[in-house]
């Protein structure tokens, strides 16, 4: 993963075939949810900054779940990047990027995945020395066919596709040479989270961790 300190952290893209994308409304769910995901074999956890509970959730996971590599998603501003890293985020993910946001993510000192959905955005990032990216929204932006078409002209780019991907679609993405992992939410069904059925979450995480091309 792109980082201001290349030797600091192995690429988050290589930790597991799936990165759970988590929206947390209640920070009390964060630790048991993260423990279930890690126990199921998914250590990289992206907590999106879509709710007020997100910074507290990131902090709790960072402090109480040693096996987790917790990151912040939906990073849109420099201020959010700073808040996330202060809370303990070990990587940052954005749905898109601007020069200002890219500079802020570089300055954060942690690995980051800027979002792209077009070839021009990929080329612009490669010009800036960024080779690992989030492809979003994956299904709406062209899915596996689009990413396959990028592999030959832009072989140095590596992607984590996210958006509309489920357990049935993930293997098709993981079969592509330029895809290292996918992001998704299917291992966190809303009814299981509401019921605090962490055993079910662990089971679904284990199935996701076993996915391959």
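The values are calculated or read from the model by the stated rules, or taken from the named source; none is laboratory data. Quick caveat: nothing in here was measured; it's all calculated off a predicted structure. Here the Cβ positions follow ideal geometry from the backbone for every residue, glycine too, while neighbour counts run over all protein chains shown.
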Enumeration of residues in segment 56-108 that are surrounded by fewer than 17 Cβ atoms within 10 Å (Cβ to Cβ), farther than 29 Å from residue 39 by Cβ and either at pLDDT below 95 or touching a helix residue (DSSP H, G or I) at 6+ places or on another chain (Cβ under 6 Å) (or both): 78
Any chance residue 170 is under 18 Å from residue 211 (Cα atoms) and in contact with a strand residue (DSSP E or B) (Cβ under 7 Å, 6 or more places away or on another chain): yes
Residues of segment 41-55 satisfying the condition of being surrounded by fewer than 24 Cβ atoms within 10 Å (Cβ to Cβ) and in contact (Cβ under 8 Å) with a residue 40 or more places away in the chain: 41
Residue in segment 145-187 that is surrounded by the fewest Cβ atoms within 10 Å (Cβ to Cβ), counting only those that are in a loop (DSSP other than H, G, I, E, B) and touching a helix residue (DSSP H, G or I) at 6+ places or on another chain (Cβ under 6 Å): 177
